[in-house]
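The values are calculated or read from the model by the stated rules, or taken from the named source; none is laboratory data. It should be emphasised that the depicted structure is a prediction, and the values quoted were computed from it without experimental measurement. Neighbour counts are summed over all protein chains in view; Cβ atoms, including those assigned to glycine, are modelled from backbone coordinates with ideal geometry.
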Amino acid sequence: MTSTNDIRRSFLDYFESAGHSRQPSAPLVPQNDPTLMFVNAGMVPFKNVFTGLETRPYSTAVSSQKCVRAGGKHNDLDNVGYTARHHTFFEMLGNFSFGDYFKDQAITLAWELLTGEWGLAKDRLTVTVYHTDDEAASLWKRIAGLPEERIIRIATKDNFWAMGPDGPSGPCSEIFFDHGDHIPGGPPGSPDEDGDRFVEIWNLVFMQHLQENDVIVSDLPKPSIDTGMGLERVAAVLQGVHDNYDTDTFKALIHASEELTRTRAEGEQKASHRVIADHLRSCSFLIADGVLPANEGRGYVLRRIMRRAMRHAHLLGAAEPLMHRLVPALAAEMGAAYPDLIRAQPLIEATLRQEETRFRQTLSNGLRLLDEATATMGEGGTLPGETAFKLYDTFGFPYDLTEDALRAQGLGVDRAGFDAAMAEQKARARAAWKGSGQAASEEVWFDLVEEHGATEFTGYAGHDGEGVV
Ligand code: ATP
Ligand code: MG
Ligand code: MG
Ligand code: MG
């Protein structure tokens, strides 16, 4: 079996042999981009190179970039534990051309890696192109020999990427692996495309236009390439499993949590083990990159993820703080590729332990309140916003933790009621506040992003806009 660590190396080696400069992953906290909560795509550290603001001593590059999609308006947090293919933290393998090669070579390199180097069966691969991109469609036909019906034209923004209202933009092409008809889900573009059968493994972006105010004004003199492939998804494919959580890395983490909790990742407890394994990665990597739990901004996203994981540890009956005891298993899996993880290991363990120790008391009290409040509710019931707010305010339950807790019972939360209670409390606090008059700008900014979404578009344009945080 090819390990995830080998696959990462193989990708980097392949593109390095093809002349790309090997670049390390940037930290998860964006270095030059205050509008973005976390790096959520491989291209983020290269944004200024694509726009021409910055130059580098190379015109093509390859990286494996740490990504988090768990903050702001759009994120994959709610998918974790429930789909085979979404994580809050994942690695995006990417090759980039800054005005060097374009579509022809990008498709050739991708196809050669997948079907040559890695030996994937051609008939398991399907691609999409933007509906007007005849050039990409005919390249797929010529280079890959794919039949028309497996070159699917998509007219939505799923297949059109833009950096923002102003800046580079262009069509994209997504490569899907068909895990087989025993898995529910349809091909891209079909009504049941969100199933786990056809899994998007790689996204190629062809930057060829320049936009102003969301309108294409010209073609770029030197078009560029930006690609992103989910390491965990391609690991599942290459390891012959359908589910990311059945790959070597996740199996090791889940095994560790099974051992420590003396439970099995089966039945009702399966999702809990998956959530714990996923959240262990995002929390540990965020702490290693300098994020600490807090009540606003990035630190609050971290706290939310940590507390969610802790509720699942509680569900598994863990009598003692659990998360920090899983860090050695993570370090064993990923420490060689990410030495910072080893360097930060004491800090990660101490932070997780402290947060979990503190939260345990309020967690069980809050869960009791939640049980009482929902005892008489039937399936499809809704928890009053007031109660969700009390859980937040008194017991430290992030809103999405409450939502996650009720999901298994088929219950929802009155979001509008929660927001109203929150707004009321903020208004009270503001009225009572006799501060210096200086706004906590980052907090305010992230509040706005939570409510309205960022105006600046960064990362890939997913079909549900995960690129935007
Ligand atoms: P999907 O449609 O499956 O949500 P996407 O189109 O949002 O994926 P991109 O923004 O195109 O994803 O990111 C490039 C690649 O990164 C994807 O092709 C996929 O392999 C991987 N990827 C994206 N989101 C996740 C995630 N939450 N967990 C794991 N891998 C991911
Ligand atoms: Mg995509
Ligand atoms: Mg997609
Ligand atoms: Mg997505």
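Is one or more of the residues making up the range 457-465 over 30 Å from residue 315 (Cβ atoms), away from ligand 2 (no atom under 16 Å from the Cβ) and modelled with pLDDT under 95? The answer is no, given that none of the residues of the range 457-465 is over 30 Å from residue 315 (Cβ atoms), away from ligand 2 (no atom under 16 Å from the Cβ) and modelled with pLDDT under 95.
Within the range 163-204, the residues that satisfy the criterion of being closer than 30 Å to residue 222 by Cα and away from ligand 3 (no atom under 15 Å from the Cβ) are 163, 164, 165, 166, 167, 168, 169, 170. Which members of the range 405-419 meet the condition of being surrounded by fewer than 20 Cβ atoms within 10 Å (Cβ to Cβ) and in contact (Cβ under 8 Å) with a residue 40 or more places away in the chain? Within the range 405-419, 408 is the sole residue that qualifies.
Among the residues in the range 62-77, are any part of a strand (DSSP E or B), in contact with a His (Cβ under 6 Å, 6 or more places away or on another chain) and crowded, with 21+ Cβ neighbours inside 10 Å? Within the range 62-77 (the criterion being part of a strand (DSSP E or B), in contact with a His (Cβ under 6 Å, 6 or more places away or on another chain) and crowded, with 21+ Cβ neighbours inside 10 Å), the answer is yes, since at least one residue qualifies. Is it the case, given these coordinates, that residue 198 is in contact with a Leu (Cβ under 8 Å, 6 or more places away or on another chain), under 22 Å from residue 238 (Cα atoms) and hydrophobic (A, V, I, L, M, F, W, C)? No, not satisfied. When the residues of the range 366-391 are filtered to those that are closer than 27 Å to residue 284 by Cα and touching a Phe, Trp or Tyr at 6+ places or on another chain (Cβ under 6 Å), the one that is surrounded by the fewest Cβ atoms within 10 Å (Cβ to Cβ) is 366.
Looking only at the range 113-137, filter to residues that are touching a residue at least 12 places away in the same chain (Cβ under 8 Å) and part of a loop (DSSP other than H, G, I, E, B); which one of those is farthest from residue 190 (Cα to Cα)? Result: 118. Only one of the listed residues (93, 53) is of a type in the set (A, V, I, L, M) and either part of a loop (DSSP other than H, G, I, E, B) or surrounded by fewer than 21 Cβ atoms within 10 Å (Cβ to Cβ) (or both). That residue is 53.
Tally up the residues in the range 151-160 that are surrounded by fewer than 18 Cβ atoms within 10 Å (Cβ to Cβ) and either within 14 Å of ligand 3 (Cβ to nearest atom) or basic (Lys, Arg) (or both), please. Selection size over the range 151-160: 3.
Scanning the range 188-214 for residues that are assigned to a loop (DSSP other than H, G, I, E, B) and within 15 Å of ligand 2 (Cβ to nearest atom) returns 188, 189, 193, 194.
Residues of the range 31-43 that are over 12 Å from the mean Cα position of the chain (by Cα) and either modelled with pLDDT of 95 or more or of a type in the set (D, E, K, R) (or both): 33, 43. Among the residues of the range 23-41, those that are in contact with a Leu (Cβ under 8 Å, 6 or more places away or on another chain) and closer than 19 Å to residue 230 by Cβ comprise 28, 38, 39. Among the residues making up the range 120-178, those that are away from ligand 2 (no atom under 16 Å from the Cβ), more than 24 Å from residue 240 (Cα to Cα) and among the basic types (Lys, Arg) are 141, 142. With (1) surrounded by fewer than 22 Cβ atoms within 10 Å (Cβ to Cβ); (2) within 30 Å of residue 82 (Cβ to Cβ) as the list, and residue 211 as the residue in question, which single condition is left unmet? Status for residue 211: all satisfied but (2).
Candidates are the residues of the range 161-182 that are within 15 Å of ligand 4 (Cβ to nearest atom) and of a type in the set (Phe, Trp, Tyr); the one that is surrounded by the fewest Cβ atoms within 10 Å (Cβ to Cβ) is 176. Select from the range 220-236 the residues that are more than 16 Å from ligand 2 (Cβ to nearest atom), at pLDDT 95 or above and over 17 Å from the mean Cα position of the chain (by Cα) and list them in ascending order. If the condition is that a residue be more than 16 Å from ligand 2 (Cβ to nearest atom), at pLDDT 95 or above and over 17 Å from the mean Cα position of the chain (by Cα), then 223, 224 are the ones that fit.
For the range 223-230, the count of residues that are within 16 Å of ligand 3 (Cβ to nearest atom) and touching an Asp or Glu at 6+ places or on another chain (Cβ under 6 Å) is zero. Of all residues in the range 411-426, at least one satisfies being part of a loop (DSSP other than H, G, I, E, B), more than 30 Å from residue 157 (Cα to Cα) and modelled with pLDDT of 90 or more. Residue count for the range 172-208, restricted to those that are away from ligand 1 (no atom under 11 Å from the Cβ) and free of Cβ contacts under 8 Å to residues at least 12 places away in the same chain: 4.
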